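Visitor: Before I ask anything, here is the structure I am working with.
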Amino acid sequence: MSTDGTTKLLGEIDAYVEELFVPPDEALEAALRDSRQAGLPEINVSANEGRLLQLFAELVGARRILEIGTLGGYSAIHFARALPDGGTLISLELEERHAEVARANLERAGLKERVEVRVGDARELLAAMVENGEGPFDLIFIDADKEGYPEYLEWSLRLSRPGTLLLADNTVRGGAVLDPQDGSAQATREFNERVAHDPGLSGIVLPLIRERIDGITIARVRDA
Ligand code: SAH
Ligand code: DHB
Ligand code: MG
């Protein structure tokens, strides 16, 4: 099949799954609408990926979730909905403006009480979390600047326990990770290699359909 034909088919398959599994949702739609109106980049996870994130959190019975890269809170809404009463999501965001939009979106979704959005460079916020003994988390989702992924992996491991589920978005990048010459994917390639080679982790990269093919890296911290 031609490349164009494949792209079209992938889009149709994604729409098919969304139609089946993702019911219309006012809070999520409003979050996307307000994020767009505020001029935030439209780089949130897809509806289907959001569903997958929520399912992962439910599968591991997550009570404490850490997200690195909040944007307008679209993925955060999914995680927060998966939490039981008393559960917490901490989400880290560099841009105050993004955080403000996210807080409003989370409040409208009725999730304000269980989510804390912290503003700053994730490297510094993560260092402070380790320093203050804020771990371990049950699930950690890495989705901020792609150059930071290898560093975020190191911090995440320090905020984990055996059984913690580590997830990272955008780890295929339209196949850019396949090309050793593609500097834009260098950090992502390094991230996937570290996850693959770390004897303390068992993981996989799962390709996902986006505007282009992308993927999510999934890893579980092994029992000691
Ligand atoms: N998880 C979101 C999308 C996040 S987009 C969703 O799917 O809905 C990536 C976000 O990471 C952007 O909002 C960007 O401002 C933020 N970011 C970029 N560099 C960062 C850094 N060094 N520390 C914290 N956040 C950062
Ligand atoms: C893009 C997508 C993302 O999910 C993200 O976190 C950053 C960038 C993109 O498609 O450019
Ligand atoms: Mg992403």
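What follows is calculated from the coordinates using simple rules that are stated; it is not laboratory data. Keep in mind the model is a prediction, meaning the values are calculated, not measured. We place every Cβ from the backbone using ideal geometry, glycine too, and count neighbours over all the protein chains shown.
Visitor: Which whole-number percent is the relative contact order of the range 117-224 (Cα, under 8 Å, 6+ apart)?
Guide: Relative CO of the range 117-224 lands at 27 percent.
Visitor: Let me ask something else. Is the shape of the range 83-200 best called rounded, prolate or oblate, per the rule: a/c under 1.5 gives rounded, else a/b larger than b/c gives prolate, else oblate, with a ≥ b ≥ c the square roots of the Cα gyration tensor eigenvalues?
Guide: prolate
Visitor: Ok, one more. Roughly how big is the chain's charge dipole about its Cα centre, with Cβ charges of +1 (Lys, Arg) and -1 (Asp, Glu), in debye to the nearest 20?
Guide: 420
Visitor: Another question, then. Order of HIS98, HIS78, HIS197 from fewest to most other C-beta atoms within 10 Å?
Guide: HIS197, HIS98, HIS78
Visitor: Assuming R0 = 25 Å, what is the FRET efficiency of TYR16 and VAL60, from their Cβ-Cβ distance, to the nearest 0.05?
Guide: For R0 = 25 Å, the calculated efficiency reads 0.35.
Visitor: Between VAL130 and ASP223, what is the FRET efficiency for a Förster distance of 25 Å, r being their Cβ-Cβ separation, to the nearest 0.05?
Guide: So the FRET efficiency works out to roughly 0.70.
Visitor: What's the ranking of 64-70, 32-38, 113-119 by average number of surrounding C-beta atoms within 10 Å, highest first?
Guide: Top of the packing list down: 64-70, 113-119, 32-38.
Visitor: Please compute the length gained on full extension between ALA27 and ARG194, using 0.36 nm multiplied by the number of residues separating them and subtracting their Cα-Cα distance.
Guide: Contour length minus Cα-Cα distance gives 56.4 nm.
Visitor: While we're on this one: What's the extension gain from ARG212 to ALA38 if we count 0.36 nm per residue and subtract their Cα-Cα distance?
Guide: Length gained between ARG212 and ALA38: 60.2 nm.
Visitor: How would the range 3-221 be classified by its alpha-carbon gyration tensor: rounded, prolate or oblate, with rounded meaning a/c under 1.5 and the a/b versus b/c comparison settling the rest?
Guide: Because its axes are fairly even, with a/c under 1.5, the range 3-221 counts as rounded.
Visitor: Quick one: check the C-alpha center-to-center distance for the range 136-167 versus the range 103-131, whole angstrom.
Guide: Centre-to-centre (Cα) distance: 15 Å.
Visitor: Oh, and also: How big is the antiparallel share of DSSP beta bridges in the chain, given as a percent to the nearest 5?
Guide: 45
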